[in-house]
Amino acid sequence: MRLAGAALNQIPFDWQHNLRTIKEALDQAKAAGVELLCLPELCLTGYGCEDLFLSDWLSLEALEYLQQIRPWTEGIAVCVGLPVRLEGRTYNTAAVLRDGEILGFAAKQFLANDGVHYEPRFFNSWRAGETGTVSWEGQQWPIGDIVFEHKGVRFGFEICEDAWRPDNERPACRLKGRVDLIVNPSASHFAMSKTDVRYNLVLNASRNFDCTYLYANLLGNEAGRMIYDGEILVARNGHLLMRNQLLSFKEVDMECVDVDFSTPLEPAESITPLPEPDEYRELNQALSLALFDYMRKARTRGFVLSLSGGADSCMCAVGVAEMVRLGTQEIGTAEFMRRSGCFTADDIARIAGPAEPQPDQAAPGPKDASHSRPDAEQQRRQQEITGHLLTCAYQGTVNSSDDTFNSAKELADSIGAVFYNWGIDEEVTGYVGKIEHALGRELTWKTDDLALQNIQARVRAPAIWLLANVQNALLITTSNRSEASVGYCTMDGDTAGSISPIAGVDKDFVKKWLRWAETELNYPGLRHVNALQPTAELRPQEDKQTDERDLMPYILLNRIERLAFYNRLSPQQVYATLLQEEKDTDPEQLKTYVKRFYSLWSRNQWKRERFAPAFHLDDYNVDPRSWLRFPILSGGFTQELNSL
C-alpha cells in the first residue's frame, strides 16, 4: 500500500485556508497514487483555537465543513483532525474518510498537560475500549477507540500525546496484534533537538508493537507562539522507511512511501541514531519560518527594528534576512513574494524576473538551502526583498558609542535593510527637564541612576512605533530569555513591540549563534557586534557599563534559571548544585548571584506578563502565557534566600 503523510501550515478557524491546503494535499496524494493519507492533528480547525474549543459552534462548524471534504476522497482513504463535541464535552478526533463517506472518528485518549500544553482545559480524554455515536443531519458515525480497515490493512490511531506515554499505557499497547498500521496525526511543537526524541519514539513504537507506524506533524507558525516542524515519519518494525526535510516554507508538504504489508520484516536489532543535531541551523530555520508565517498571517507589510548594534537586535535583523534567503531558495523568489502579501505584481515581475523557476524546480530542501550560498544575482534579489521587508533605525544618545553605530549600519547595509539614524538627546533632555521642574531638584546619576537609564530606552519607543505604524509593519522587540528572567529591560522602552522573536533563547546562545552566523551563514557585517561586550549603553561612557557587570556572567545566570525553573529546584538546592559545579568560584560570590537572580526574578514577573508574543524555540521558556506561570505578587523567596 502506498502510504503518505502531509504536513499542513494551518491557521486557527480560517476555514477557507485550511480547506484549501487539505484539498491540495489530497490532490497531490491522489496524483501520486497514494491509497492512505494522514493529515495533522486538528488540521481542519487548526490546533491553536484555545478556548473556542469549549464552544458548541466551533465543533459544529467543523463537522459541517468536513462534509465538503467527502467528495474529494474518491479513491483514497484520508485521516482528518477536528474537534467533536458530545453532551457538552469536546474530544480531539481524527475522522477517517474514504470514497466520499465518513467511516468514523478515532478519539484522543491522553491529553498533553505539561510545558506549553493545556489540553485538559479544552478537551476530554476518551476512555480506552469505549465507543459512541456522532450524529449530524440524520446521519450517524461511530466515535471512540476504533480499528479501521482499508484494502485489507487494519489500522488504529495514536493522536500525538497518546504516543508519548509509557508503552504499557499507550493505545499502541492494546493495538498490538490487532492492526498492521498505527497512524499518528500530531501537533507536536518545535524545540531544538526535539526531532531526535520523536524519531526514536516512532521507530521504537514500530518495533515494539510489530507494526508500520505513520506519523504526520503540523507545519509552521500556526497561531503565534508555537512553531511546528512538519515532520513526517514512516517506520516498520524499527526500520525507517521515510523521513522528510523539516521546517519547510511550503504550505503543503506531502511525502509518500510504498509498504509491502504482505512480506514480513524482521524487527531491527537497534535503532540507527540520527546525526548529531545542529541546533544553530535548526533554530535558524525555525526562526525564519516563524517570522514569515507571523508576518503574512498578521497581514502586515514587513518589520521595523530599533537596531542598536548589540547582539539581540543584530540577531533579529539576521533572522529577517535569513527568512528571505531560505524562503526564496526553497519555494522560489516569485512564490515567496506572492505569499508574503507585501509586494505588487509589478514588484514580483521586476525582482523575480521572467526566468524564475517554478517552486518544484527551485527546491533544495530547507536543510540543503541553509548550506548553499546564493550567487550574485540571487543575493541582489534577496537584498532588494529584504529592503522591502525590514526597516531599521539607530537611535543614539550621548551615551552611545561609535562601535555600536558602525555595527548597526554595516549589518543593515550588508543585508539590504533600510537604515535610518537619528538622535534622541533632545527628547531625553525635555522629559528630564519637565520632571526636574516638577520636583524642584536636579536628577543626577548618583541619586536617579535607574530612572535616567530607563528614560533613554523609553524615549526610543514613540518614534520607532510611529515608523512601524506608518509602514503597517510589525515592530520587533529584541529581549532574550536571560533578560526576561531578571527584568533587565525597560518596560515600554526596549520591550515595546508586536513580536519578540528571540525571547525564547538565552543571551549566551545569542552570542554564540552570531559568531556561527558570521562564518557559517556568511554575514561579515556581524564582525563588529561579535567583537563587543554586551552593553545597554544607558550610562555615561566613562562608566564602561556592561550587562554582565550589572547582573552576573550570563552562563551562570542561565544555569541558575534552568535549575530553578526547568529542574524546579529550591534556592538552597540551586546553591548546593552550583557549589559542586563551580568549584573555582568563591562560594560567597555564588551565594550573591543566587540571591540576586531570585530577587530580580520575583519582582519582575509583571514585565514578563507584558512582553510581546514570543516564539517557543528551546525546550523551555519563561513566557507566562506558554511555558511558565508565576505569581505577579509573591513572598519573593524571602525565607528561602534568608536560609542561605
Study note, to complete from the structure: Net charge (Lys, Arg +1; Asp, Glu -1) of residues whose beta-carbon lies under 9 Å from that of ASN9, ASN9 excluded, is -3
Exercise for review: Treat each spin label as a single point 7 Å out from the Cα along the C-beta direction, and report the ASP258 to GLU436 distance in nm.
Suggested key: 8.3 nm
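Report the FRET efficiency, 1/(1 + (r/R0)^6), for ASP543 and ASP492, where r is their Cβ-Cβ distance and R0 is 35 Å, rounded to 0.05.
Numbers: r = 24 Å, r/R0 = 0.68.
Step by step, r from the Cβ atoms, then E = 0.90.
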Practice item. Report ASP619's accessible area, 1.4 Å probe, all protein chains in place, as a number in Å² to the nearest 10. Key: 50 Å²
Review point. Using θ = phi - 60° and the Karplus form 6.51 cos²θ - 1.76 cosθ + 1.60, what ³J(HN,Hα) does each residue of the range 271-284 get, whole Hz, x for Gly and Pro?
Key: 8, 5, x, 6, x, 4, x, 9, 5, 4, 6, 4, 5, 4
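For the chain, which whole-number percentage of the solvent-accessible area (1.4 Å probe, protein heavy atoms only) is attributable to carbon and sulfur atoms?
Of the solvent-accessible surface of the chain, carbon and sulfur hold 49 percent.
For the range 147-237, how big is Rg over Rh, using alpha carbon atoms and the Kirkwood form of Rh? Spell out each step's value before the answer.
Numbers: Rg = 13.3 Å, Rh = 13.4 Å.
Rg/Rh: 0.99.
Hull surface divided by four, with the convex hull built on the Cα atoms of the range 16-108: how many nm²?
Values: hull surface 22.0 nm².
Mean orientational projected area (the range 16-108, Cα hull): 5.5 nm².
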**Study point:** When each of LYS583/LYS607; LYS108/LYS250; LYS446/LYS591 is checked by Cα-Cα distance, pairs over 32 Å
**Key:** LYS583/LYS607
Check your understanding: Using all Cα-Cα distances in the range 463-506, what percent lands in each 5 angstrom bin from 0 up to the longest?
Key -> 6, 23, 29, 21, 11, 8, 1
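What is the chain's relative contact order, in percent, from Cα pairs under 8 angstrom and six or more apart in sequence?
Reported relative contact order: 11 percent.
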**Study point:** Whole-Hz ³J(HN,Hα) from phi, Karplus 6.51 cos²θ - 1.76 cosθ + 1.60, for the range 151-168, glycine and proline x
**Key:** 6, x, 9, 8, 9, x, 10, 10, 10, 6, 4, 3, 7, 8, 8, x, 4, 7
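What translational diffusion coefficient, in µm²/s and rounded to a whole number, does the Stokes-Einstein relation yield for the range 520-644 at 10 °C and a viscosity of 1.306 mPa s, taking the hydrodynamic radius as the Kirkwood radius over Cα pairs?
Numbers: Rh = 16.8 Å.
Using the Kirkwood radius from Cα pairs, D works out to 95 µm²/s.
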Point to revise | Length released on extending from ILE632 to SER55, taking residue separation times 0.36 nm less the Cα-Cα span | key: 204.7 nm
Check your understanding: Which ³J(HN,Hα) values, rounded to whole Hz and listed in residue order, are derived for the range 290-300 from phi using the Karplus coefficients 6.51, -1.76 and 1.60 in 6.51 cos²θ - 1.76 cosθ + 1.60 with θ = phi - 60°, glycine and proline given as x?
Key -> 5, 5, 4, 5, 5, 4, 6, 6, 7, 6, 10
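Provide Rg over Rh for the range 176-319; use the alpha carbon set for both Rg and the Kirkwood Rh (inverse mean inverse pair distance).
Working: Rg = 18.5 Å, Rh = 17.1 Å.
In the range 176-319, Rg relative to Rh is 1.08.
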Practice item. Could you tell me the distance between the Cα centroids of the range 379-436 and the range 155-207, to the nearest Å? Key: 49 Å
Exercise for review: Please work out the C-alpha center-to-center distance from the range 467-496 to the range 225-276 and express it in whole Å.
Suggested key: 39 Å
Check your understanding: So what's the gap between the Cα centers of the range 504-560 and the range 601-623, to the nearest angstrom?
Key -> 20 Å
Point to revise | Three semi-axes of the equivalent ellipsoid, the chain, Cα gyration tensor, whole Å, largest first | key: 46, 29, 23
Check your understanding: If the viscosity is 1.002 mPa s and the temperature 20 °C, what Stokes-Einstein diffusion coefficient in µm²/s follows for the range 433-589 when Rh is the Kirkwood radius over Cα pairs?
Key -> 116 µm²/s
Check your understanding: Which value, in Å² rounded to 10, gives the accessible area of HIS388 with a 1.4 Å probe and all protein chains present?
Key -> 80 Å²
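Quick check: convex hull of the Cα atoms in the range 105-171, volume per residue, rounded to a whole Å³? Mind dumping the intermediate values first?
Details: hull volume 7.8 nm³, N = 67.
Cα-based convex hull of the range 105-171, divided per residue, equals 117 Å³.
Per residue, how large is the accessible surface of the chain? Use a 1.4 angstrom probe and give square angstrom.
Numbers: 25930 Å² over 644 residues.
Result: 40 Å² per residue.
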**Study point:** Residues whose placed amide H lies under 5 Å from that of ARG154, excluding near-sequence neighbours
**Key:** ASP180, LEU181
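The values are calculated or read from the model by the stated rules, or taken from the named source; none is laboratory data. Remember, it's a predicted structure, so these values are computed and weren't measured experimentally. Cβ coordinates were reconstructed from backbone atoms using ideal geometry, including for glycine residues, and neighbour counts include every protein chain displayed. Accessible surface is based on the protein model in full, side chains and every heavy atom, while ligands, DNA and RNA are left aside. Shrake-Rupley method; radii C 1.70, N 1.55, O 1.52, S 1.80 Å.
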